[in-house]
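The next block holds one structure in the form of structure tokens; read it before the comments.
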Amino acid sequence: MIASNVRAGVLLLATVTTGLTAGLFAAFAYAVMPGLARVDDRAFVAVMRSINQAILNGWFALCFGGALVCTLAAVLLHLPAGRRGPLPWLIAALALYVLVLAVTAAVNVPLNDRLEAGAARLADPAELRAAFESAWVRWNVVRAVLNTAALGCLGWALLVARSLPA
């Protein structure tokens with residue numbers, strides 16, 4: 001019974017943390033970036049720099065890293081025979097979230113870093129924005145879709161796990 005509760009708790013934590021990160025990326029896709037598209041170049045650069053600095057905090061780290069750790073733990077906890085029903089969904093969620101991390105590390109973070117470096121050099125805000133905005137928005141949408149798909153897989157895994165005998 002304890003092992004079953006641990007499995008359920010870890011799967012729930014994986015789902016919650018993945019949902020929080022999916023919500024963050026989705027909110028940027030459908031609200032934050034469209035809102036920033038309406039401001040001038042100087043304001044755009046200033047706000048994105050401020051957001052990029054503010055997001056580096058413990059709550060973000062807990063959700064962003066927690067989604068990976070908890071999903072991996074859920075996979076491992078569902079490896080024993082008789083517990084594998086949700087395993088395909090958990091593996092799919094893990095793979096999708098790893099893709100989210102890869103896009104973040106390969107595209108969004110380097111764009112953030114270049115924006116910060118350019119602003120520190122007092123580069124032209126219009127040039128900084130042109131080199132940043134469309135690529136960042138496009139790849140953030142990719143992250144939002146991948147992360148939402150991972151959330152869907154975890155939700156389905158919860159339903160499958162619920163039908164397993166204790």
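Bear in mind that the values in this text are calculations on the coordinates, not laboratory data. As the structure is a computational prediction, the values presented were derived from the model and not from experiment.
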On a 0 to 90 degree scale, rounded to 10, what angle separates helix 87-103 from the longest Cα axis of the chain?
20
Angle check, please: helix 41-54 long axis (alpha carbons) against the longest principal axis of the chain (alpha carbons), in degrees 0 to 90, nearest 10.
40
Calculate one ³J(HN,Hα) per residue across region 153-159 by plugging θ = phi - 60° into the Karplus curve 6.51 cos²θ - 1.76 cosθ + 1.60, and present them in order as whole Hz with x for glycine and proline.
4, 5, x, 5, 4, 4, 5
Given springs between every Cα pair under 10 Å in a Gaussian network model of the chain, which of Gly66, Gly85, Gly35 has the largest fluctuation?
Gly35
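Taking a temperature of 37 °C and a viscosity of 0.692 mPa s, what whole-number D in µm²/s does Stokes-Einstein yield for region 47-123 with Rh from Kirkwood over alpha carbon pairs? Let's see the in-between values first.
Working: Rh = 14.7 Å.
The estimated diffusion coefficient comes to 224 µm²/s.
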Can you bin every Cα-Cα distance in region 99-166 into 5 Å intervals starting at zero and give me the percent of pairs per bin, rounded to whole numbers?
4, 15, 18, 15, 12, 10, 8, 6, 5, 4, 2, 2, 0
Using each residue's phi in region 122-134, evaluate 6.51 cos²θ - 1.76 cosθ + 1.60 at θ = phi - 60° and report the 3J(HN,Hα) Karplus result to the nearest Hz, with x for Gly and Pro.
6, 5, 4, x, 5, 5, 4, 5, 4, 7, 10, 4, 5
Enter the angle in degrees (range 0 to 90, nearest 10) between the Cα long axis of helix 2-27 and the first principal axis of the Cα atoms of the chain, meaning the one along which they spread out most.
20
Looking only at Cα atoms, what is the convex hull volume of the chain per residue, in Å³?
92
